[in-house]
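Quick notes on the structure that follows.
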Amino acid sequence: QTIYLKDYAPTPYRIVSVDLDFRILEEATRVRAQLTIEPRDDTAPGTPLVLNGDGLKLETIAIDGLPLVLSAYAADADSLTVVEPPNRRFVLDTEVMLQPEANTKLMGLYRSSGTWCTQCEPEGFRRITYYLDRPDVLAPFKVRITAPLAVAPVLLSNGNLIDKGDAGDGLHFALWEDPFPKPAYLFALVAGDLGSITDSFTTQSGRKVDLAIYCTHGKENECHYAMDSLKRSMAWDERRFGREYDLDVFNIVAVSDFNFGAMENKGLNIFNDKLVFAEPNTVTDANYHSIERVIAHEYFHNWTGNRITCRDWFQLCLKEGLTVYRDQEFTSDERSRPVQRIHDVQNLRSSQFPEDGGPLAHPPRPDSFREINNFYTTTVYEKGAEIVRMLATLLGEAGFRKGMDLYFERHDGEATTIEAFLKVFEDATGTDLRQFGIWYLQAGTPQITVSDSYDAASQTYSLTLTQKVEPTPGQPDKQPLLIPVRFGLVGPNGSEMSWSGVSGGTVKDDLILLDQPSVTLRFTGIANKPIPSLFRGFSAPVKVSSSLSQSDLLFLAGHDSDPFNRWDALQTVLTNLIAGAAQGRPRADSDLDGLRQAIVDTLENPELDEAFKANVIAIPGESSIGRHIGKDVDPDAVAKARHDLLVALVKPIEARLEAMYRSLETSAAYSPDAKQAGERSLRTGLLNLLVAGAGRSDLAEAQYNAATNMTDRYAAMALAARHWTGNAQALLGDFRTRFAGDPLVFDKWLTASAQASDDGVIERMRATLAAPDFPKTNPNRLRSLLGSFVMTNPSQFARADGAGFRFITEAVAEIDKVNPQVASRVLTGFRVLPTLEAGRRESGKAALEALKSQHQLSRNVGEILDRILGA
Ligand code: ARG
Ligand code: ZN
């Protein structure tokens, strides 16, 4: 059944306050809820009260202390109806029994390695007790937890601890109170035998906040980087947005079984442990980077998500897009801004663009869904962040900050909407944002076409920009968007050209406002033909088909004052060459000479930092080339074209690259800071060229054996595995035994194994999955193997014989019975089907149809399947 935004209506009853009493025992957990409820002023007397449930079994029910007679209510697993509630404030008292041990969906209350923990966003609270489980129902919570002292010495919930003590019979209790009214999705509880590290942070107004990170015993020493990231996040939000933390405690708990990255529960964030634990021998620089980002993200939710939440789940982007923007800004300020921008755009292009251009496309604010869990997507998160970034670009830093201040002032304590968010910026700056708002409502990536001409006689330069969005499911007709184009005109000597006048459209300083289907700008007073540098800093989430020649692009790569566009220009040249070859267009040797020179120039430029250089030599992957081609893609042809180009490019400079590679070797003690990480990533980038373009698996093996940290060791092994070099199996084997017993390192082994390019990969994966000790209930293990395969091994996933497709649909059918969220996420890999050549397209469809007809599927998987099949 489909839910529509247009059907939104507030509940007829409000929940005034919540008292929960959890009695946790090994066999089962009893939950008693005392909900103080009142009808709204306009609720007709006798209106039934309907509470959500999911798999619950009601044990007792009373109102104001009096048990209800059977005819006064109706209860089943999925709902509880009080037929005729009192027409005044009353207390509804219910009790249910839960089996957290048997909860493999990992939503609601479940057990992870012995620890009881919760995940409630978006609709998990209804698996704990009958409730108005929607984000616009806000209430203060008091939570009493009783549990055996021996198994669960640590008892945590939201807010402040107000009491604790002995409860007899080997039990103890804790009483938590969260004074901030919150929706149920922000509820959390943890009970277990956990170690911890503690620290404190003093806010700008001088309040001391106690900080703690809880984890499995023995892992405490791996939590310090997360703690450091937390303190830096707290300070940054004060500096940049004037936002202070509001409770006396902030707790983080790391758990091993978790459906996604982490969760911003009020005062008690719960994390997937892979986003907490850090230690140089077992995690990589990339892991440190994500830990810092996600710790910040969840902390920032305290203001953008918790203090101000969403009215309904259609508004998810209100908190997620904005919070991703905030965490991106944090990382940019803490590390290198241009490098972070490249990183974020690479991510957007590799995951959001394919979503937006395929059968799963949806607006950042959708208007209908069957299963809300399927809408925690890169469109809601990352495109949502790009929309906020465009807003900041349009309004300028000061205007944007004024709007944000007004947002916090006007909506604190509310559950609100995208419209209200846009309105604060209109009111604070007097800007009309009606056209801009279409970004939230319209799916699809705008395609920008550029053409230009120069008239020497009149010294006039004309630039035409055209926008177009292809139809997406349910949205055949598209409206023109307001697109901010940050730009510059680059002159023949590489410097910025200025103009004496411009007509034909709106240009403010270095910003063109593209607000029509097509705009032609005429710049006067231009002495020479310029090269346009458009969408500097990736000022809008669009695809650009540029009219620039390869030599113009290479010129920009060497001279543009905007580092993002320097990087992007070279990527465009590489992509064009590989895609061209894959489609049978021959390339000239001279094309390659210029490209090679540009790469060497970049590598030898002392002014550029190493992380930036690493991005420049990162050759676009097969998936990225496939997406550029767009349709009738043959992944084998793409892989071959990419390989051929690498060989032709690298061979003549192998010795120079090897010398640079060797010069980056260091004996400095490991530090995860951006500078050292940048040096390692450049070294890895060079190794990649040498392995892929010159067959130097000897260098990978040497690096693997000499490595003194996981970053270097993993990179070497993953490269060997990817190219399935002669020594790949030996390195994988060594890695597996060397780190046996560490589940998070096993994930790295699974990922590297899943990326192997040889035809044996599927059989090996089947064997891995079928091993009796493979933990099929753990999302990290499943995603590392299957998620990596579908998203990053296109030539094996989309194998011509259909074996890759069938392997995945069979695995999805099995996982769906255990954890539908993980299953449906893996299945989204099939969104690539429409881009493939006919044979592969058909065999992919056949695998999906078999999945549909042969299995009883969850709502999660069913929805994704139907959308991909176009049903
Ligand atoms: N709100 C969490 C975050 O962004 C993620 C919750 C994801 N929930 C889901 N059902 N996928 O940090
Ligand atoms: Zn979030």
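Output yes when any residue across the stretch 81-95 is surrounded by 21 or more Cβ atoms within 10 Å (Cβ to Cβ), more than 21 Å from residue 185 (Cα to Cα) and not aliphatic (A, V, I, L, M), and no when none is. Break it down stepwise before answering.
Here is the first cut: in the stretch 81-95, the residues surrounded by 21 or more Cβ atoms within 10 Å (Cβ to Cβ) are 82, 85, 92, 94.
In the following step, the residues that additionally are more than 21 Å from residue 185 (Cα to Cα) were identified as 82, 85.
This time we only want the ones that are not aliphatic (A, V, I, L, M), so: 85.
Yes, the conditions are met somewhere in the stretch 81-95.
Is there a residue in the stretch 697-720 that is among the hydroxyl-bearing types (Ser, Thr, Tyr) and surrounded by fewer than 20 Cβ atoms within 10 Å (Cβ to Cβ)?
So in the stretch 697-720, the residues among the hydroxyl-bearing types (Ser, Thr, Tyr) come out as 697, 704, 708, 711, 714.
Now drop any that are not surrounded by fewer than 20 Cβ atoms within 10 Å (Cβ to Cβ), which leaves 708.
Yes, that holds for at least one residue.
Determine whether residue 264 is within 16 Å of ligand 2 (Cβ to nearest atom), among the acidic types (Asp, Glu) and in contact with a Leu (Cβ under 9 Å, 6 or more places away or on another chain).
yes
Please tell me if residue 774 is closer than 27 Å to residue 744 by Cβ, assigned to a loop (DSSP other than H, G, I, E, B) and of a type in the set (Phe, Trp, Tyr). Working first, answer last.
On the way: closer than 27 Å to residue 744 by Cβ: yes; assigned to a loop (DSSP other than H, G, I, E, B): yes; of a type in the set (Phe, Trp, Tyr): yes.
Against the criterion (closer than 27 Å to residue 744 by Cβ, assigned to a loop (DSSP other than H, G, I, E, B) and of a type in the set (Phe, Trp, Tyr)), residue 774 qualifies.
Would you tally the residues in the stretch 275-301 being away from ligand 2 (no atom under 16 Å from the Cβ), part of a helix (DSSP H, G or I) and of a type outside the set (A, V, I, L, M)?
Summing the residues that are away from ligand 2 (no atom under 16 Å from the Cβ), part of a helix (DSSP H, G or I) and of a type outside the set (A, V, I, L, M) in the stretch 275-301 gives 4.
Against the definition (under 21 Å from residue 312 (Cα atoms), at pLDDT 95 or above and surrounded by 18 or more Cβ atoms within 10 Å (Cβ to Cβ)), how does residue 3 come out, yes or no? Let's see the steps before the verdict.
Details: under 21 Å from residue 312 (Cα atoms): yes; at pLDDT 95 or above: yes; surrounded by 18 or more Cβ atoms within 10 Å (Cβ to Cβ): no.
No, not satisfied.
Take the residues of the stretch 210-232 that are basic (Lys, Arg) and in a helix (DSSP H, G or I): which is surrounded by the most Cβ atoms within 10 Å (Cβ to Cβ)? Break it down stepwise before answering.
If we filter the stretch 210-232 for residues that are basic (Lys, Arg), which is where we start, we get 219, 231-232.
Within this subset, residues satisfying the condition of being in a helix (DSSP H, G or I) are 231-232.
On the way: 231: 16, 232: 18.
Restricting to residues being basic (Lys, Arg) and in a helix (DSSP H, G or I), the top hit is 232.
Just to be sure I understand, how many residues within the stretch 302-314 are aliphatic (A, V, I, L, M) and within 13 Å of ligand 2 (Cβ to nearest atom)? Give the derivation first.
Residues of the stretch 302-314 that are aliphatic (A, V, I, L, M), as a first pass: 308.
Filter once more, keeping what is within 13 Å of ligand 2 (Cβ to nearest atom): none.
Selection size over the stretch 302-314: 0.
Out of the stretch 250-274, which residues are more than 13 Å from ligand 1 (Cβ to nearest atom) and not in a loop (DSSP other than H, G, I, E, B)? Walk me through it before giving the result.
Filtering the stretch 250-274 for residues more than 13 Å from ligand 1 (Cβ to nearest atom) gives 250-251, 253-257, 267-268, 273-274.
Within the stretch 250-274, 250, 251, 253, 254, 255, 268, 273, 274 qualify.
Being assigned to a helix (DSSP H, G or I) and of a type in the set (Gly, Ala, Ser) is the filter; apply it to the stretch 759-771 and report the residue that is farthest from residue 819 (Cα to Cα). First the steps, then the outcome.
Initially, the stretch 759-771 is screened for residues assigned to a helix (DSSP H, G or I), giving 761-770.
If we keep only those that are of a type in the set (Gly, Ala, Ser) as well, we get 767, 770.
Details: 767: 21, 770: 17 Å.
Filtering the stretch 759-771 for residues that are assigned to a helix (DSSP H, G or I) and of a type in the set (Gly, Ala, Ser), the one farthest from residue 819 (Cα to Cα) comes out as 767.
Can you pull out every residue in the stretch 304-314 that is within 13 Å of ligand 1 (Cβ to nearest atom) and in a helix (DSSP H, G or I)? Spell out how you get there, then give the answer.
Narrowing the stretch 304-314 to residues within 13 Å of ligand 1 (Cβ to nearest atom): 304-306, 309-310, 313.
Scanning the stretch 304-314 gives a single hit, 313.
Please report, ordered by residue number, the strands (runs of 3 or more DSSP E) entirely within the stretch 119-199 with at least 1 residues that are under 32 Å from the mean Cα position of the chain (by Cα) and within 16 Å of ligand 2 (Cβ to nearest atom).
On the way: elements: 139-148, 154-157, 160-168, 171-182, 189-192.
Here the list reads 171-182.
Any idea which residue in the stretch 318-343 is farthest from residue 294 (Cα to Cα), counting only those that are more than 15 Å from ligand 2 (Cβ to nearest atom), assigned to a helix (DSSP H, G or I) and not β-branched (Val, Ile, Thr)?
Residues of the stretch 318-343 more than 15 Å from ligand 2 (Cβ to nearest atom): 332-343.
Of the ones still in play, those that are also assigned to a helix (DSSP H, G or I) are 332-334, 337-343.
Narrowing the set further to residues that are not β-branched (Val, Ile, Thr) leaves 332-334, 337-338, 340-341, 343.
On the way: 332: 14, 333: 15, 334: 14, 337: 17, 338: 20, 340: 14, 341: 17, 343: 15 Å.
Only one residue fits best here, namely 338.
What is the one condition in (1) in contact with a Pro (Cβ under 6 Å, 6 or more places away or on another chain); (2) within 21 Å of residue 100 (Cβ to Cβ); (3) more than 16 Å from ligand 1 (Cβ to nearest atom) that residue 192 does not satisfy?
That leaves (1) as the condition not met.
Being touching a residue at least 60 places away in the same chain (Cβ under 8 Å), in a loop (DSSP other than H, G, I, E, B) and surrounded by fewer than 19 Cβ atoms within 10 Å (Cβ to Cβ) is the filter here; which residues of the stretch 547-568 pass it?
Residues satisfying the conditions are 547, 561.
Quick one: in the stretch 350-405, of everything that is within 16 Å of ligand 2 (Cβ to nearest atom), over 13 Å from the mean Cα position of the chain (by Cα) and not in a helix (DSSP H, G or I), which residue is surrounded by the most Cβ atoms within 10 Å (Cβ to Cβ)?
Among residues in the stretch 350-405 that are within 16 Å of ligand 2 (Cβ to nearest atom), over 13 Å from the mean Cα position of the chain (by Cα) and not in a helix (DSSP H, G or I), the one surrounded by the most Cβ atoms within 10 Å (Cβ to Cβ) is 364.
Based on what the data block shows, is residue 436 assigned to a loop (DSSP other than H, G, I, E, B) and either touching a residue at least 40 places away in the same chain (Cβ under 8 Å) or surrounded by 15 or more Cβ atoms within 10 Å (Cβ to Cβ) (or both)? Please lay out each step first, then the result.
Working: assigned to a loop (DSSP other than H, G, I, E, B): yes; either touching a residue at least 40 places away in the same chain (Cβ under 8 Å) or surrounded by 15 or more Cβ atoms within 10 Å (Cβ to Cβ) (or both): yes.
Answer is yes for this residue.
What's the number of the condition residue 756 fails, among (1) over 26 Å from residue 218 (Cα atoms); (2) part of a helix (DSSP H, G or I); (3) among the hydrophobic types (A, V, I, L, M, F, W, C)?
(2)
Got a number for residues in the stretch 439-469 being under 30 Å from the mean Cα position of the chain (by Cα) and touching a residue at least 60 places away in the same chain (Cβ under 8 Å)?
Final tally of qualifying residues: 12.
Sort out which residues of the stretch 242-261 are surrounded by fewer than 17 Cβ atoms within 10 Å (Cβ to Cβ) and either within 16 Å of ligand 2 (Cβ to nearest atom) or closer than 17 Å to residue 295 by Cα (or both), and write them in order of number. So that I can check it myself, show each step before the final result.
Just the residues of the stretch 242-261 that are surrounded by fewer than 17 Cβ atoms within 10 Å (Cβ to Cβ), to begin with: 242, 244, 248, 261.
Within the stretch 242-261, 244, 261 qualify.
I'm checking my understanding of the structure. Among residues of the stretch 819-841 that are in contact with a strand residue (DSSP E or B) (Cβ under 9 Å, 6 or more places away or on another chain) and part of a helix (DSSP H, G or I), which one is farthest from ligand 2 (Cβ to nearest atom)?
From the stretch 819-841, those in contact with a strand residue (DSSP E or B) (Cβ under 9 Å, 6 or more places away or on another chain) are 832, 835-837, 840; that's our starting set.
Next, from what is left, pick out any that are part of a helix (DSSP H, G or I): 832, 835, 840.
Numbers: 832: 26, 835: 29, 840: 35 Å.
Filtering first and then ranking leaves 840.
Just one of (1) in contact with an Asp or Glu (Cβ under 6 Å, 6 or more places away or on another chain); (2) surrounded by fewer than 23 Cβ atoms within 10 Å (Cβ to Cβ) trips up residue 169, so point out which.
(1)
To keep it simple, each residue is scored yes or no on (1) acidic (Asp, Glu); (2) more than 30 Å from residue 66 (Cα to Cα); (3) surrounded by fewer than 16 Cβ atoms within 10 Å (Cβ to Cβ); (4) in contact with a helix residue (DSSP H, G or I) (Cβ under 7 Å, 6 or more places away or on another chain).
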| residue | (1), (2), (3), (4) |
| --- | --- |
| 113 | no, yes, yes, no |
| 131 | no, no, no, yes |
| 180 | no, no, no, no |
| 185 | no, no, no, yes |
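Out of curiosity, is residue 736 assigned to a helix (DSSP H, G or I) and crowded, with 20+ Cβ neighbours inside 10 Å? Break it down stepwise before answering.
On the way: assigned to a helix (DSSP H, G or I): yes; crowded, with 20+ Cβ neighbours inside 10 Å: no.
No.
Give the stretch 315-326 a look and list any residue that's within 11 Å of ligand 1 (Cβ to nearest atom) and either of a type in the set (Val, Ile, Thr) or out of contact with any Phe, Trp or Tyr (no Cβ under 8 Å at 6 or more places or on another chain) (or both), or say none.
319, 323, 324
Residue-wise test of (1) among the small types (Gly, Ala, Ser); (2) more than 23 Å from the chain's Cα centre (by Cα); (3) within 22 Å of residue 639 (Cβ to Cβ); (4) outside any helix (DSSP H, G or I).
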{"residue": "795", "(1), (2), (3), (4)": "yes, yes, yes, no"}
{"residue": "801", "(1), (2), (3), (4)": "no, yes, yes, yes"}
{"residue": "804", "(1), (2), (3), (4)": "yes, yes, yes, no"}
{"residue": "817", "(1), (2), (3), (4)": "no, yes, no, no"}
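Which of the residues spanning the stretch 275-303 are acidic (Asp, Glu) and either within 11 Å of ligand 1 (Cβ to nearest atom) or within 22 Å of residue 111 (Cβ to Cβ) (or both)? Write out each step before concluding.
Of all residues in the stretch 275-303, those acidic (Asp, Glu) come to 279, 285, 292, 298.
Correct list: 298 only.
Of the conditions (1) under 30 Å from residue 222 (Cα atoms); (2) within 16 Å of ligand 1 (Cβ to nearest atom); (3) small (Gly, Ala, Ser), residue 788 satisfies every one except a single condition; which number is it?
Only one criterion is unmet by residue 788, namely (2).
The values are calculated or read from the model by the stated rules, or taken from the named source; none is laboratory data. Everything numeric in this text was worked out from a predicted model, so none of it was measured. A quick note on method: Cβ atoms are made from the backbone with ideal geometry, for glycine too, and the neighbour counts reach across all protein chains shown.
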